[in-house]
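Worksheet: one structure, shown below.
The values are calculated or read from the model by the stated rules, or taken from the named source; none is laboratory data. Values in this document were obtained by computation on a predicted structure and should not be read as measured data. Here the Cβ positions follow ideal geometry from the backbone for every residue, glycine too, while neighbour counts run over all protein chains shown.
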Amino acid sequence: MTITQTPIKGLIVLTPRVFNDDRGYFFESFNETTFNEAAGYPVHFVQDNQSFSTKGVLRGLHLQKGEHSQAKLVRVTQGEVLDIAVDLRAGSATYGEYYGEVLSEDNNKQLFIPRGFGHGFIVLSDTAVFQYKCDNYYNKQAEGGIHYADPDLNIDWQLSADSFNVSDKDVELPFLRDVNDLGF
């Protein structure tokens, strides 16, 4: 597995070694020892989630606040998405900066998003299946987020805004400058 550190500390891209032959392919998608060495600390995942979405669906930017914050290991098993992580860690040198990575069934990349980040993605293909591991259980009272079109973040979602399919809940999320405390 190839581990690539992004420009934002703690945010890493994992690219597996894929073994192809005339029958198809095989790769190891997760190995706790290898992963924890790459992360630099032990991460214990407790919940796996999956979503199916169509082209233009934008989910995010989501987070869990305080003691319920979550680290995530995200990947795409069908289709292609642009995955976005925004550094929301108080005192971080890259606070308010984002990183984007295309994740697809073809590149098999995974993105590790530590606690203290907002997270979202947009589907670039006709459909996509998105899977992710979390190191903390979901807590409805701790959910929050930042508006996907926050002008201070200026995220390039790679599709025209008129093609976005966004939930009412995500449309109502605040801009980062309007949030006092995210609990990170």
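With respect to the conditions (1) closer than 26 Å to GLN47 by Cβ; (2) acidic (Asp, Glu); (3) surrounded by fewer than 19 Cβ atoms within 10 Å (Cβ to Cβ), GLU101 falls short on a single one, namely (3).
Where strands (runs of 3 or more DSSP E) fall entirely within the range 1-49, those with at least 3 residues that are under 17 Å from the mean Cα position of the chain (by Cα) and of a type in the set (A, V, I, L, M, F, W, C) are at 12-15.
Any residue in the range 55-66 that is among the hydrophobic types (A, V, I, L, M, F, W, C), in a loop (DSSP other than H, G, I, E, B) and touching a residue at least 40 places away in the same chain (Cβ under 8 Å)?
In the first step, residues of the range 55-66 are kept if they are among the hydrophobic types (A, V, I, L, M, F, W, C); the result is 57-58, 61, 63.
Checking which are in a loop (DSSP other than H, G, I, E, B) leaves us with none.
No, the range 55-66 contains no residue that is among the hydrophobic types (A, V, I, L, M, F, W, C), in a loop (DSSP other than H, G, I, E, B) and touching a residue at least 40 places away in the same chain (Cβ under 8 Å).
Would you say PHE52 is of a type in the set (Phe, Trp, Tyr) and not in a strand (DSSP E or B)? Taking the combined requirement at face value, the residue does not satisfy it.
Pairs are defined by a Cβ separation below 6 Å, a sequence spacing of at least 6 or placement on different chains, a first member in the range 15-35 that is closer than 18 Å to VAL76 by Cβ, and a second member that is among the hydroxyl-bearing types (Ser, Thr, Tyr) and part of a helix (DSSP H, G or I); no pair meets this definition. Being crowded, with 16+ Cβ neighbours inside 10 Å, within 23 Å of VAL171 (Cα to Cα) and at pLDDT 95 or above holds for only one residue in GLN50, GLN70, GLN110, and it is GLN70. Note on the range 81-95: residues that are at positive phi and either in contact with a Gly (Cβ under 9 Å, 6 or more places away or on another chain) or modelled with pLDDT of 95 or more (or both) amount to 0.
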